[in-house]
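What follows is a single structure, written as structure tokens, with notes after it.
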Amino acid sequence: MDQIIIRGLRIMARHGYTKEERIMEQEFELDIILYCDLERAMETDLTESTVDCAQVIKVVTSTLKETSYQLIERAAKEIIDALFDTFPMVGGIELALKKMQSGILADFDSVGVQVTRARSER
């Protein structure tokens with residue numbers, strides 16, 4: 001299956017286990033792979049034959065900002081659900097959601113989750 005890929009999307013949001021993490025915005029980084037059939041888009045060169053990446057970013061941003069979750073696992077689920085609901089041609093999604101700062105006292109680049117879902121698994 002064909003893929004539409006968005007890597008390194010950075011969004012400021014409020015998610016975390018501690019109250020402080022849910023009060024102050026923190027940076028999150030996402031890598032998104034959308035699985036869909038792009039044959040028609042390749043043949044026609046028409047924008048309506050594909051998934052609009054700007055719209056994907058808008059859906060992801062609003063979903064990540066509208067509610068504060070303790071767990072990024074839950075935030076990832078909500079993003080995936082919103083993408084499936086908005087883009088019917090998407091048959092599968094790989095989503096890496098990384099938190100760039102954390103209350104964990106250690107030196108690291110990020111902590112995160114990677115979730116892969118097919119539309120049929122919903």
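Of all residues in the range 62-81, how many are touching a helix residue (DSSP H, G or I) at 6+ places or on another chain (Cβ under 6 Å) and not in a helix (DSSP H, G or I)?
Here the count works out to 2.
What residue, among those in the range 19-39 that are open to solvent by less than 90 Å² (accessible area, probe 1.4 Å) and among the aliphatic types (A, V, I, L, M), is nearest to Lys99 (Cα to Cα)?
The selected residue is Leu30.
Consider Ser120 against the criteria (1) of a type in the set (Ser, Thr, Tyr); (2) modelled with pLDDT of 95 or more; (3) part of a helix (DSSP H, G or I): it satisfies all of them except one. Which criterion is unmet?
Of (1) of a type in the set (Ser, Thr, Tyr); (2) modelled with pLDDT of 95 or more; (3) part of a helix (DSSP H, G or I), only one is false for Ser120: (2).
Please pick out the residue among Leu9, Leu34, Leu83 that is of a type outside the set (S, T, N, Q), over 16 Å from Arg119 (Cβ atoms) and modelled with pLDDT of 95 or more.
None of the others qualify; the one that does is Leu9.
Given the condition open to solvent by 50 Å² or more (accessible area, probe 1.4 Å) and polar (S, T, N, Q), answer yes or no: does some residue in the range 70-78 qualify? Explain how you work it out, then say what you get.
The first filter runs over the range 70-78 and keeps only residues open to solvent by 50 Å² or more (accessible area, probe 1.4 Å), leaving 70-71, 73-74, 77.
Those still in the list that are polar (S, T, N, Q) too: 70.
Looking for residues that are open to solvent by 50 Å² or more (accessible area, probe 1.4 Å) and polar (S, T, N, Q), one finds at least one in the range 70-78, hence yes.
Within the range 69-113, which residues are over 19 Å from Cys53 (Cα atoms), polar (S, T, N, Q) and without any contact (Cβ under 8 Å) to a residue 40 or more places away in the chain?
none
If I go through the range 45-61 residue by residue, how many of them are open to solvent by 60 Å² or more (accessible area, probe 1.4 Å), part of a helix (DSSP H, G or I) and without any contact (Cβ under 8 Å) to a residue 12 or more places away in the chain?
4
Hey, any hits in the range 21-30 for a residue that's in contact with an Asp or Glu (Cβ under 9 Å, 6 or more places away or on another chain) and at negative phi?
Scanning the range 21-30, I find no residue that is in contact with an Asp or Glu (Cβ under 9 Å, 6 or more places away or on another chain) and at negative phi, so the answer is no.
Scan the range 16-35 for residues that are in contact with a Ser or Thr (Cβ under 8 Å, 6 or more places away or on another chain) and closer than 25 Å to Phe87 by Cα and jot them down.
Result: Glu29, single match.
Just one of Met12, Met42 is open to solvent by 30 Å² or more (accessible area, probe 1.4 Å), closer than 18 Å to Lys98 by Cβ and either of a type outside the set (Phe, Trp, Tyr) or assigned to a loop (DSSP other than H, G, I, E, B) (or both); which is it?
Working: Met42 fails: closer than 18 Å to Lys98 by Cβ.
Matching residue, one of Met12, Met42: Met12.
The values are calculated or read from the model by the stated rules, or taken from the named source; none is laboratory data. Only a predicted model underlies this, so the values are computations on that prediction, with no experimental measurement involved. Don't worry about glycine lacking a Cβ; one is built from the backbone with ideal geometry, like all the others, and counts go over all protein chains shown. Accessible surface is based on the protein model in full, side chains and every heavy atom, while ligands, DNA and RNA are left aside. Shrake-Rupley method; radii C 1.70, N 1.55, O 1.52, S 1.80 Å.
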